[in-house]
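Below you'll find the structure, written out as structure tokens, and then a few comments.
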Amino acid sequence: MTTLPFASFTGAFEFIFAPQDSNVTGGNQVGGFEKSLELVLKHLEVTVIALAIALIVALPLGLYLGHRGRGELFAVGIGTAGRAIPELAVIALVAVLIGVGLKTVAPALAILGLAPILVNTYVGVRQVDSATVEAARGMGMSELDIMRKVELPLAIPTVMGGVRGAAIVIVATATIAPLAGVETLGDFIINRNVYGENGLLAGAILVALLALTLEGSLALLQRRLTSDGLKLKTV
Amino acid sequence: MPSGESDAQSQPGASSVRYEETTKQYPGASAPAVDELTLEVPAGEICVLVGPSGCGKTTAMRMVNRTVEITSGDVLIGDHSVRDREPAQLRREIGYVIQQIGLFPHRTITENIGAVPQLLGWDKQRIRERSAELLELIGLDPELGDRYPAQLSGGQQQRVGVARALAADPLVMLMDEPFGAIDPINRERLQNEFLRLQAEIRKTVLFVTHDIDEAIKMGDRIAVMREGGRVEQYATPAELLMAPANEFVEDFVGADRALKRLALMRVGDINLWEAPLAYVGQATAEVRKKLAAPDVEIPYPLLVDSERRPLGWLSERDLGADTVPQRPDSPLGPVLERDDVMRDALADLLQGESQYAPVVDHEGRITGVLSVEIISEFLASPEAKSDEHPAVERPHG
Amino acid sequence: MASPLLLTAAAEVGGDFFRERSSGTLPCQAQSSHLFCWDWAKENIDRYGTPTVQHLEIVLLSVVIGFVVAFGLALFAHRRRQLQPPLLAATGILYTIPSIAFFFLLLPITGFGRDTAIIVLAAYTLQIIYRNTILGLANVPASVKDAARGMGLTNRQILWQVELPLAIPEIIAGLRVAVVSTIAIATLVVFINAGGLGTQIYGSGNLTFPTSIVIAMAIVMGMALLFDLVLLTLQRLTTPWRRVRQA
């Protein structure tokens, strides 16, 4: 166990807010508020794009499968398999086989986020009281309407749980996206020779804060989207 | 202390239960849930606590095993206050049966029954024997002992619940709407079986229900309660029906008191009519002769087998042949036993197609015939009005 | 924009590095080579031995520690309802922070190496195990608890003889998720010099090559699946009452 004498939290905070001298790039300054903000936004950008792709693919599929009650084994299998995928390997394969850059990395991140959204949407829809669905059907609602206006709203808490899970994985993997040519906060961490130990710590702090903020926002969004009637139910 | 003897019949394994100004006051409530209840339940009797929802009957029952703690006053079992013991210790000597049954899903039936004996430290062999004995006592196939509760029907589960409560031979049994979650058909069966069981083992039972009919059927004594656990009348079922103490009791018992009294009678208590019997293969001419006899009460012959067990009613068409046919034209309809409660018998008669129902003994042999007419004749007779008619008292044993 | 420059520079250096060491299987080890070379795989399969063992050690230690802590917390909070939301939130925070960031947050305190890895991975498992244990205990039917109490079981007896056995399916479900996730995430401990199969994907500061990555990925996912099945079997074995047909 080797502790680094150079890294400290105060040093890290300094790094975030003011440019520092760097060892490697020959006198150029690194860090500072502008740079930090830039990377935060880039990190957020790739996260949001990947999350959106994952949602567009997994949400309708999960909704449909859950509505029809088919593919339970498939959903469960995808769930476990999704969790078992090592993110590092995905990023690495994209980098060495397919190509670097946002165009290849975003879909790769999206794949990692597919599983939580798919499984949770499926489970959420299946847990909707069949009596409610039957009543809706009896009233004359089309199947599509039922999915959109009955099942989805009632499944929101579980579905949002899946979205939040996907967000966590995607934010985490975006941290190592620099390995595949996409600049994010992970830059500070992976290229520590350039940014120094303080930069390293700064990157870690910023990633953690970003992840927590995103999670918090999604939690609030979940609150907003959950109908008041549902909120009355005990956990 | 529990007797532990495997012979469930003769041991006096029962204690009286006495409430002495027992009160339960929940903090923040405007009035006590149970207000200075004073009541004595003699050993070996079933005392039913009955009343509208929220009157405190369940709370009162639960103070006996301290699943609800007593605020003031006391409850004594035998001569010992329930407050003298640790609650867990106390409860192991009290049988506890609840409405939703609550069998342990993860244990077999045998293990469920043996739960309290295990807590008391009985050895495995003894527990197994006791479980088998109890399974038989409650009328279940001993093979079911290795099954899990999910594999049993609701009625079977509750029987196991009762067996579980009896396992350690408790001094007192607490039963909180035990048959409430069972369908009406099985509920009646379970009630009858429990009464039969009680006749053998004679435990002191505190039985809570909101159903006055169940109370009348099951109770040796009934306490009609209103809010605050206040006892409006504490009496035998007959007294309750014939002399309700006040308007509340009268309303609660219901306007159909006369009909309810039928619940106290058994079929065997009144004089039944006789039907002319016909045996398979007998010459129909003989049967006709019987029918023509002057004192015949029932104009239809009853087909019976060689053991005098009823098979069906014979019609004119049946009698057209030379000998009595094997299969009768009309089906048997409900068959009653002498021990059946009169009210249930009346219900069966009214529902059946035939106006007569054969009454058999324990071996299934014919002992007489009952009809609606017989019942109403009896109710109108002077005998029914007297208090001492054996049909109006509850027969024991 | 230092990264892409460094990346290509690293690739060239890496390529040379491997070129010198290889025994003629050149195309296999270049970064843009095709997906999988069986030959290289067969020859070099033993180099995965140590990383796999390291990987497993870290995973098992983390999961065991995480389980003990989370299970203990759940038992503690079981009858103390007010504690449950804050504990859920606290374990949630530990779950939300990306592991790789978490590794480096601990840097000033525990530095590089296995200890940091284990602390972070264990913290990651806390929420799922805690939440599932609480949920499993809460799902025990009230009537069963009422009957148990009325029969004379003490609170402790009710917990260990009734509530926990009935909560096993949920608890093991949480454990399965925890184990599978931890096996995957443990690939990242390479970044703090704690070894593991991540070394075959990103060894000594460079990405390796497709075959190596694929093998490492296959081993990780294979282990995860294996443990998942083992735990599922364990759950089935310990809950015989759930396998019977209902009346």
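The values are calculated or read from the model by the stated rules, or taken from the named source; none is laboratory data. This is a predicted model, so every value here is computed, not measured. When we count neighbours, we look across all protein chains shown, and the Cβ atoms used for this are built from the backbone with ideal geometry, even at glycine.
Any idea which residue in the stretch A:180-193 is nearest to the chain's Cα centre (by Cα), counting only those that are surrounded by fewer than 24 Cβ atoms within 10 Å (Cβ to Cβ) and within 19 Å of residue A:104 (Cβ to Cβ)?
Result: A:183.
If you go through the stretch B:143-151 one residue at a time, do you hit one that is buried (at least 21 other Cβ atoms within 10 Å of the Cβ) and either in contact (Cβ under 8 Å) with a residue 60 or more places away in the chain or more than 10 Å from every other protein chain (Cβ to nearest Cβ) (or both)?
Looking through the stretch B:143-151, none of the residues is buried (at least 21 other Cβ atoms within 10 Å of the Cβ) and either in contact (Cβ under 8 Å) with a residue 60 or more places away in the chain or more than 10 Å from every other protein chain (Cβ to nearest Cβ) (or both).
Within the stretch C:153-166, can you find the residues that are in contact with a Phe, Trp or Tyr (Cβ under 9 Å, 6 or more places away or on another chain) and buried (at least 20 other Cβ atoms within 10 Å of the Cβ)?
Those that are in contact with a Phe, Trp or Tyr (Cβ under 9 Å, 6 or more places away or on another chain) and buried (at least 20 other Cβ atoms within 10 Å of the Cβ): C:162, C:166.
Return the pair list, or none, for Cβ contacts closer than 6 Å from residues in the stretch B:68-93 that are away from chain C (no Cβ under 14 Å) to residues that are of a type in the set (Phe, Trp, Tyr), at least 6 apart or on different chains.
That search, which allows pairs on different chains as well, returns B:75/B:19.
Which of the residues spanning the stretch B:216-275 are farther than 19 Å from residue B:347 by Cβ and of a type in the set (Gly, Ala, Ser)?
If the condition is that a residue be farther than 19 Å from residue B:347 by Cβ and of a type in the set (Gly, Ala, Ser), then B:219, B:223, B:228, B:229, B:235, B:238, B:243, B:245, B:275 are the ones that fit.
For the stretch B:84-121, what are the residues that are among the basic types (Lys, Arg) and touching a Lys or Arg at 6+ places or on another chain (Cβ under 8 Å)?
B:91 - this is the single residue of the stretch B:84-121 that is among the basic types (Lys, Arg) and touching a Lys or Arg at 6+ places or on another chain (Cβ under 8 Å).
Need the failing condition index for residue C:228 against (1) closer than 19 Å to residue C:48 by Cα; (2) touching a residue at least 12 places away in the same chain (Cβ under 8 Å); (3) facing chain A (nearest Cβ under 10 Å), just the number.
(1)
Of C:88, C:83, which residue is without any contact (Cβ under 8 Å) to a residue 60 or more places away in the chain, within 11 Å of another protein chain (Cβ to nearest Cβ) and either part of a helix (DSSP H, G or I) or surrounded by 18 or more Cβ atoms within 10 Å (Cβ to Cβ) (or both)?
C:88
Which of (1) part of a helix (DSSP H, G or I); (2) over 27 Å from residue C:115 (Cα atoms); (3) of a type in the set (S, T, N, Q) is the odd one out, the single condition residue C:246 does not satisfy?
Unmet for residue C:246, out of (1) part of a helix (DSSP H, G or I); (2) over 27 Å from residue C:115 (Cα atoms); (3) of a type in the set (S, T, N, Q): (1).
For residue C:195, only one of the following conditions fails: (1) part of a helix (DSSP H, G or I); (2) crowded, with 19+ Cβ neighbours inside 10 Å. What is its number?
(1)
So if I check each of C:150, C:136, which one is within 14 Å of chain B (Cβ to nearest Cβ), buried (at least 18 other Cβ atoms within 10 Å of the Cβ), in contact with a Pro (Cβ under 8 Å, 6 or more places away or on another chain) and not aliphatic (A, V, I, L, M)?
Only one candidate passes the filter, namely C:136.
Do we find that residue B:203 is within 13 Å of the chain's Cα centre (by Cα) and over 25 Å from residue B:298 (Cβ atoms) in this structure?
No.
Are there any helices (runs of 4 or more DSSP H) wholly within the stretch A:112-196 with 2 or more residues that are touching a residue at least 60 places away in the same chain (Cβ under 8 Å), and if so which?
Answer list for the stretch A:112-196: A:152-174, A:186-190.
So, of the residues in the stretch C:93-133 that are within 20 Å of residue A:86 (Cβ to Cβ) and aromatic (Phe, Trp, Tyr), which turns out to be farthest from the other protein chains (Cβ to nearest Cβ)?
Going through the qualifying residues, I end up with C:124.
Within the group C:144, C:214, C:180, which residue is at pLDDT 95 or above and closer than 30 Å to residue A:120 by Cα?
Sole residue among the options that is at pLDDT 95 or above and closer than 30 Å to residue A:120 by Cα: C:180.
Within the stretch A:197-235, which residues are without any contact (Cβ under 8 Å) to a residue 12 or more places away in the chain and either crowded, with 18+ Cβ neighbours inside 10 Å or among the acidic types (Asp, Glu) (or both)?
Across the stretch A:197-235, the qualifying residues are A:208, A:228.
For the subset of the stretch B:56-88 comprising residues that are basic (Lys, Arg) and crowded, with 17+ Cβ neighbours inside 10 Å, which member is farthest from the chain's Cα centre (by Cα)?
Residue satisfying both the conditions and the ranking: B:66.
All but one of (1) in contact (Cβ under 8 Å) with a residue 24 or more places away in the chain; (2) assigned to a helix (DSSP H, G or I) hold for residue C:236; state the number of the condition that does not hold.
(1)
Where in the stretch B:209-316 are there strands (runs of 3 or more DSSP E), lying fully within it, with 1 or more residues that are acidic (Asp, Glu) and assigned by TED's automatic domain parsing to the domain that holds residue B:44?
B:230-235
Filter the stretch C:153-185 down to residues that are hydroxyl-bearing (Ser, Thr, Tyr) and part of a helix (DSSP H, G or I) and give me whichever is nearest to the other protein chains (Cβ to nearest Cβ).
This residue is C:181.
Within the stretch C:194-212, track down each residue that is hydroxyl-bearing (Ser, Thr, Tyr) and either closer than 19 Å to residue A:99 by Cα or at the interface with chain A (Cβ under 10 Å from one of its Cβ atoms) (or both).
C:202, C:208, C:211, C:212
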